[in-house]
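A.B. asks: Please read through the structure below; I'll follow up with questions.
Rule-based calculations on the coordinates, nothing more; no lab input. If you're wondering where the values come from, they're calculated on a predicted model, not measured in any experiment. Cβ sites come from the backbone with ideal geometry, for glycine too, and all protein chains shown count toward neighbours.
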Amino acid sequence: MSNTEKIQASEEIIPAENLEKMQALLEEYDPEAGYRKFDKKWISVLVSVIAVSLALFHLYTAYAGPIITLMHRSLHVAVILCLIFLLYPGLKKSSRKKLSLFDAFLALVSLFTAGYIFIFYADIVSRGGIPSAMDVTFATITCILVLEASRRVAGWELAAMAGIFIAYAYLGPYLPGDFGHRGYTLGDIFSYFYVTTEGIYGDAVAVSSTFIILFILFGAFLSRTGMGTLFNDLSLAIAGSSKGGPAKVGVIASAVHGSINGSAVASVVTTGSFTIPLMKRVGYKPEFAGAVEATAAVGGQILPPVMGAAAFIMAETLGVSYATIALAATIPALMYYYGLLAQVHLRADKDNLEGLRKDQLPKVIDVLKQRGHLLIPLLLLIGLLMAGYSPTLTGFYTIIATVLIAALRKESRMGFRDILAALEAGVRETLSVAVACAAVGITVGVFSLTGLGLKFANIILELGQGNLFLTLLLTMVASIILGLGLPSIPCYIITATMAAPALSKFGVDPLVAHLFVFYFGVIANLTPPVALAAFAGAGLAGSDPQRTGWISTKLALAGFVVPFVFVYKPAILIIHSGITDIVTAVAVLVVSVTALAVAVEGYVFTKVPMVNRLVLMVCAFVIMFPGILAAGIGFIGILGVFVWQYYKKKQQVSGLPLSA
């Protein structure tokens, strides 16, 4: 078979109607994709100039060092707000081709919010936090702009939550019980958010304006060089011919793409347009195909080396290096994907689904010869982080390296226009993350101003009745509920502020506590009734969205278990542990996840009766808890079921009755 007949991502031609469908899905399930496409070229050029200028500013400060903190962060937010009002209409029925005068006015005012800080910075500092009338005016305008911009890009939930917390800060004297406080005037509240680094310009925007934008730019450059094609082709070459191969291809490609991209919905649409049709071709049902893609894409946010964007904020919050976060997250993320691959394989085995023919697939060596050089920037990224370089410098060097290394081959070489396009695309992809960081800064500012975080922690402790497991369950539920309506970054920040301190009261390591709430905030992208990533997968697969969401939740079951395991067995985070403890903890987790996969799919060697599935489910949880007795009982139960299933398979093959 000729190369042109092979199933290669680089050879795929997506019909125009499919591209339109992909864009429609992005706009429906990912608000940040619904930007304007101007009919007047000069406006498009203006947007490009602003975006590229912001990218170049951050590349410069990454190398030379940032300017004064408040100036740096306010400029970052101001330009982000300006671009949002230029690109995103205020209402769904508003024109997506024309820029309204009102939005042009808001874009201009957004720039003035930073201009005021630049011009009067010395006065602001000299007043020592006591706001003037002009401070209050610009602070109020900035807060309103941030809330409106977040509503346009991220949906109404985050803006509504910030509004509720502003009301809480104002109405403190009128609230009953422990939730009451002395109260603050609106002027005090807004100025606290604006002229300090405790509100809008707090830690979240600090990370957005340094680490996050650089790594999103890095992803944009990789994408421009054809890295997505490399991931898909390499995944096909590695797993395409195995049992149920296309589903495994989808898992591998979406995992890597999702880690760099940081947007679960965008990853689903990008890789799913290629992998979901292949899954359906070999016999997977549409709802299962859509769920596999969604589950794999969501997991990218917990997979090093990039882990979306929240990991940078976690590192800043905990005061540890990003390399520490990435190293700690490695084994849990691999176990998440091991659980997903196990269920995919068992489903293929149960339904007798074969892979693609080897002569239809690219060869690993050919793929690496053509585009393997594009892996060098990723290896450089990991090497620099592990060597102790700051994420800021690492991002800068890897972007430069990407351009230089891509030039080695004609297929990946970037011209001047490609570089400008990558700079603009990176900034556009940063908009939703940056405005979410600014908006959640308002909520975190209220926590800091009123002491609400400590009150929430005490409430969780009281509801948990001093029981760690019950407290973990309550924290999990709170994280998932918040994650249903919020992007993963604000969800993580809020749950970490509210719930992580409660876990620390039980002696749980802060890194463990933060990773725990982070996991469930991310997984909320899969859990109905919202499940945006699963709904996007369902749109591509032509399946029922709610059913696809529930199947996604089952496929992500390892993600529900792993956080509990690293609370009770923190050795899997490779922190404060010896090699023996790490190996033991990993072995326990592998057995637990395998048992859960079999229990969910109801198949190993042959069909598993319901009683045996329940035994596996219980034992999978029992072995997680400390104590040799519990682990022993769990292992014996799981081993017993597997031996029984193997014996049943042998009897079926031999044709003898089971009792023989």
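A.B. asks: State which entries of LYS243/LYS280; LYS607/LYS649; LYS280/LYS650 exceed 21 angstrom in Cα-Cα distance in the structure shown.
C.D. replies: LYS280/LYS650
A.B. asks: A further question follows. Relative contact order of the stretch 165-301, please, whole-number percent, based on alpha carbon pairs below 8 angstrom and at least 6 residues apart.
C.D. replies: Numbers: 145 pairs, mean separation 24.4, N = 137.
It comes to 18 percent, rounded to a whole number.
A.B. asks: Between LEU639 and LEU46, what length comes free when the chain is fully extended (0.36 nm per residue of separation minus the Cα-Cα distance, one decimal in nm)?
C.D. replies: 207.0 nm
A.B. asks: Another question about this same structure. Mind checking which lysines have their Cα closer than 17 Å to the Cα of LYS455? Skip sequence neighbours fewer than 8 apart in that chain.
C.D. replies: In chain and number order, the partners are LYS505.
A.B. asks: Around THR197, with a cut-off of 13 angstrom between Cβ atoms, what is the net charge of the other residues, counting Lys and Arg +1 and Asp and Glu -1?
C.D. replies: Combined, the nearby Lys, Arg, Asp and Glu give -2.
A.B. asks: So which trypsin sites (Lys or Arg not before Pro) in the stretch 106-164 pass both tests, a DSSP loop state and at most 16 other Cβ atoms within 10 Å of the Cβ?
C.D. replies: Filter output for the stretch 106-164: ARG127.
A.B. asks: Can you sort ARG182, ARG224 from fewest to most other Cβ atoms within 10 Å of each residue's own Cβ?
C.D. replies: If I rank by nearby Cβ atoms, fewest first, I get ARG182, ARG224.
A.B. asks: Would you list, by chain and number, the lysines whose Cα falls below 22 Å from the Cα of LYS92, excluding same-chain residues fewer than 8 positions away?
C.D. replies: Answer for LYS92, where 22 Å is the Cα cut-off: LYS21, LYS37, LYS40, listed by chain and number.
A.B. asks: Please state the Cα pair-distance histogram of the stretch 31-207 with 5 angstrom bins from zero: what percent is in each bin?
C.D. replies: 1, 8, 14, 18, 18, 16, 12, 7, 3, 1, 0, 0
A.B. asks: Can you give the helix-only mean residue ellipticity at 222 nm for the chain, where every DSSP H stretch with n ≥ 4 adds -39500 (n - 2.57) and the sum goes over all residues, rounded to the nearest 500 deg cm²/dmol?
C.D. replies: On the way: 31 runs with 476 residues, N = 660.
Value at 222 nm, helices only, nearest 500: -23500 deg cm²/dmol.
A.B. asks: Something else about it: How much of the calculated P(r) for the chain lies past 39 Å, in percent of all Cα pairs?
C.D. replies: For the chain, the fraction of Cα-Cα distances above 39 Å is 32 percent.
A.B. asks: Right, something else. In degrees between 0 and 90, to the nearest 10, how far off the longest principal axis of the chain does helix 532-541 point, with axes built from Cα atoms?
C.D. replies: 60
A.B. asks: Same structure again: Of the chain, which part is the longest with no GluC sites (Glu not before Pro) in a loop (DSSP not H, G, I, E, B) and with at most 15 other C-beta atoms within 10 angstrom? Numbers along the way, then the final one.
C.D. replies: On the way: sites that count: GLU12, GLU354, GLU411.
Excluding the exposed sites themselves, the longest stretch runs over 13-353.
A.B. asks: Let me ask something else. Got a sec? How would TRP550, TRP156 order by Cβ neighbour count within 10 Å, fewest to most?
C.D. replies: Listing TRP550, TRP156 from fewest to most nearby Cβ atoms yields TRP156, TRP550.
A.B. asks: Using 16 Å as the cut-off for backbone N distance, which residues of the stretch 189-226 belong to the label zone defined by a point 7 Å from the Cα of ARG182 along Cα→Cβ?
C.D. replies: So the set is 189, 192.
A.B. asks: Treat the count of other C-beta atoms within 10 Å as a stand-in for reagent exposure and order ILE164, ILE572, ILE80 from fewest to most.
C.D. replies: Placing the least packed residue first, the sequence is ILE164, ILE572, ILE80.
A.B. asks: Taking the Cα centre of each part, how many Å lie between the stretch 617-642 and the stretch 189-233?
C.D. replies: Their Cα centres are 43 Å away from one another.
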